[in-house]
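This report refers to the structure that appears directly beneath it.
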Amino acid sequence: MKKIIAIITVAFMSCYAGALAQDVIVLHMKDGTTRRYVNGVKERTDINFYKHAPTTTYTPDYTSTHDNGYQVAWNVNSVWKIDGEYTVGIFWEDSVPKNFTPRHGLCFGTKPGLTVDNCEQKAYAEDVTLRGINIHRDMMSNIFPYCHYLVIGEKMTNNMSMRVPYNNSDSYAEFYLDVASNHLATHLERGATYYYRTFTEGQVLEDGAMKSVVFYGPERSFRVPRVMADYGYFPYAQGTPEAMAAFAHHFPQGVTAPTWAEIDALWKQWRETAEGKHLDLSADITSDQFDDGTGYRLNRIPDEFYTWLANREVVIDAFDDLAEVSWVIEAHGDTLATVSIELVTGLDSIPGGKYVRFTPVVPMVNHRVIYRSNEVVPGVKYKLVVNFAPETLPNATANDLLPTLIRIVTNPIEGGKDTVIVNKHYVPATHMSTYENDDFNIRQMGTNLKIESRITSAELRNNNYNRIMRIAQMRLVPYKEE
């Protein structure tokens, strides 16, 4: 229910009376008391009325998404996870005027029915300048005049910010938090429910004396979710950090052992093999129940999996594993691929039965294509086999049938130093050919294979070579020296 608060200030109405007409204003209060105010030629009485609306907590609709698509509506304005622990932010506005010398705060506890005298903790929102960036208008602006915030949790950091609606529109503002104030330091336990209620302490005149009163906002609550990711569990069995550390001992010194994310797809493939299906891992898997479902973790990665990885032939498909082609920036700013791509199928005479024909479209530019495989295992010595198809166009010209020169380079998927495998390899156009390298190995999981044309302008002008590449299936075969 809205309260009407009377004080000698706020919504404006004034009365002026002459000394002979009316020199006293009598105010009859609702509690039966009266108040008299003398008026004259040089005096007047201003009586202002305030209508106080309950505190508004701005859009407490923060939602987090967890494993298995599980979502949590927090009923707060912001949530942060700092060093594995949760911290929440509350933003609110009230209409208690400055004339009441208001002091704003928040009651907090694990039980409902909060008041300033019946709560486990309370904290005051110190007056700070809330400067925010209106994202949609890209400008600095003072947010609302009666706005306050409080952060609840163990920690705050200097880069914390909060987003709130802007002027009740579809736009919103973002402001950065002051880590030195407006912080209720407490531990938020996962799985626990907490209650909060904003309040304002103000001073009003009653029976001729100033008295402290408290104006409350609505009581709200939030539950800290208990989700599997916070406990090192997963929707299906995945290697724990301890299991991955033990698995890393399979890899030789000087290489980077893969992460679970890098071997996850291969693990699933292996579990579908006859060996993987019949290997009993029940003693190595633990499980537990969480808000977002049943969580699992794999406490030991069997040696059989590494043996399968290290002895597995890796096939790079001519079509599916093509990741990138070179490009140039034209004068008007658009990008243009340096080659056209033609997929050729139905060829029993070459490995994989298909190839990609890369034909230059930008004159006088050597081009590059990148093939990518996430399945190449670091520390394993492979034989690299790259198959090049012959020209199969029925209307091939003499220029189409010229040979080409290529360079093969490898580098890590996440970026790193290039390693040249072969600098200038001759590739005929009249028959299938193969490049082989018996000493191919990498230091990180997965690899990019860059295949580049290496023709000089003079060689092109003299019709010695062209820059057409016809790349078929590639393979990496684990290589065992006798």
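The values are calculated or read from the model by the stated rules, or taken from the named source; none is laboratory data. Worth saying up front: this structure is predicted, and the values here are computed from it rather than measured. Counting neighbours? That spans all protein chains shown, and the Cβs are built from the backbone with ideal geometry, glycine included. We work out accessible area using only protein heavy atoms, side chains counted, and drop any ligands, DNA or RNA first. Shrake-Rupley method; radii C 1.70, N 1.55, O 1.52, S 1.80 Å.
Among the residues here, A237 qualifies as at pLDDT 90 or above, open to solvent by less than 30 Å² (accessible area, probe 1.4 Å) and assigned to a loop (DSSP other than H, G, I, E, B). If the condition is being out of contact with any Asp or Glu (no Cβ under 9 Å at 6 or more places or on another chain) and either of a type in the set (A, V, I, L, M, F, W, C) or surrounded by fewer than 16 Cβ atoms within 10 Å (Cβ to Cβ) (or both), then the stretch 455-468 contributes I455, T456, S457, A458, L460, R461, N462, N463, N464. Exactly one residue among G191, G202, G217, G254 is modelled with pLDDT under 95, open to solvent by less than 70 Å² (accessible area, probe 1.4 Å), assigned to a loop (DSSP other than H, G, I, E, B) and not polar (S, T, N, Q), and that residue is G254.
Within the stretch 346-379, the only residue that satisfies the criterion of being open to solvent by less than 10 Å² (accessible area, probe 1.4 Å) and in contact with a helix residue (DSSP H, G or I) (Cβ under 9 Å, 6 or more places away or on another chain) is V377.
Can you work out which of the residues in the stretch 167-178 that are under 21 Å from W74 (Cβ atoms) and open to solvent by 30 Å² or more (accessible area, probe 1.4 Å) is modelled with the lowest pLDDT?
Filtering the stretch 167-178 for residues that are under 21 Å from W74 (Cβ atoms) and open to solvent by 30 Å² or more (accessible area, probe 1.4 Å), the one modelled with the lowest pLDDT comes out as Y172.
Output the number of residues of the stretch 258-314 satisfying the condition of being in contact (Cβ under 8 Å) with a residue 12 or more places away in the chain and among the small types (G, A, S). Qualifying residue count, the stretch 258-314: 6. Could we say that F247 is part of a strand (DSSP E or B) and not polar (S, T, N, Q) here? So F247 fails the test. Look at (1) within 30 Å of R443 (Cβ to Cβ); (2) surrounded by fewer than 17 Cβ atoms within 10 Å (Cβ to Cβ); (3) among the charged types (D, E, K, R) and you find that K277 fails only one, number (1). Scanning the stretch 315-351 for residues that are outside any loop (DSSP other than H, G, I, E, B), under 32 Å from the mean Cα position of the chain (by Cα) and hydrophobic (A, V, I, L, M, F, W, C) yields I316, L322, A323, V325, W327, V328, I329, L336, A337. Checking the stretch 416-430 against the condition returns a match, with at least one residue being under 30 Å from L309 (Cβ atoms) and buried (at least 19 other Cβ atoms within 10 Å of the Cβ). Would you call E174 acidic (D, E), without any contact (Cβ under 8 Å) to a residue 60 or more places away in the chain and touching a Lys or Arg at 6+ places or on another chain (Cβ under 7 Å)? Judged against the criteria, E174 is a match. In the set (1) modelled with pLDDT of 95 or more; (2) over 41 Å from the mean Cα position of the chain (by Cα); (3) not charged (D, E, K, R), I471 fails one condition alone, (2).
For the stretch 62-105, a residue qualifies if it is among the hydrophobic types (A, V, I, L, M, F, W, C) and more than 26 Å from V179 (Cα to Cα), and the qualifying residues are V72, F100.
Against the definition (within 23 Å of the chain's Cα centre (by Cα) and either aliphatic (A, V, I, L, M) or on the phi < 0 side of the Ramachandran plot (or both)), how does L184 come out, yes or no? Judged against the criteria, L184 is not a match.
So, in the stretch 325-345, exactly how many residues are in contact (Cβ under 8 Å) with a residue 12 or more places away in the chain and open to solvent by less than 90 Å² (accessible area, probe 1.4 Å)?
Count: 11.
Filtering the stretch 386-404 to residues that are of a type in the set (A, V, I, L, M) and either crowded, with 20+ Cβ neighbours inside 10 Å or under 32 Å from the mean Cα position of the chain (by Cα) (or both) leaves V386, A389, L402. Applying the set (1) out of contact with any helix residue (DSSP H, G or I) (no Cβ under 8 Å at 6 or more places or on another chain); (2) closer than 30 Å to T256 by Cβ to M445 leaves exactly one unmet item: (1). Scanning the stretch 49-62 for residues that are at pLDDT 70 or above and crowded, with 16+ Cβ neighbours inside 10 Å yields P60, Y62. Entry remark, the stretch 292-314: residues being among the charged types (D, E, K, R) and in a strand (DSSP E or B) number 1 in total. Checked against (1) at pLDDT 80 or above; (2) part of a strand (DSSP E or B); (3) crowded, with 20+ Cβ neighbours inside 10 Å, G132 passes all but a single condition, namely (1).
Among the conditions (1) in contact with a helix residue (DSSP H, G or I) (Cβ under 9 Å, 6 or more places away or on another chain); (2) within 28 Å of P412 (Cα to Cα), Q253 misses just one, which is (1).
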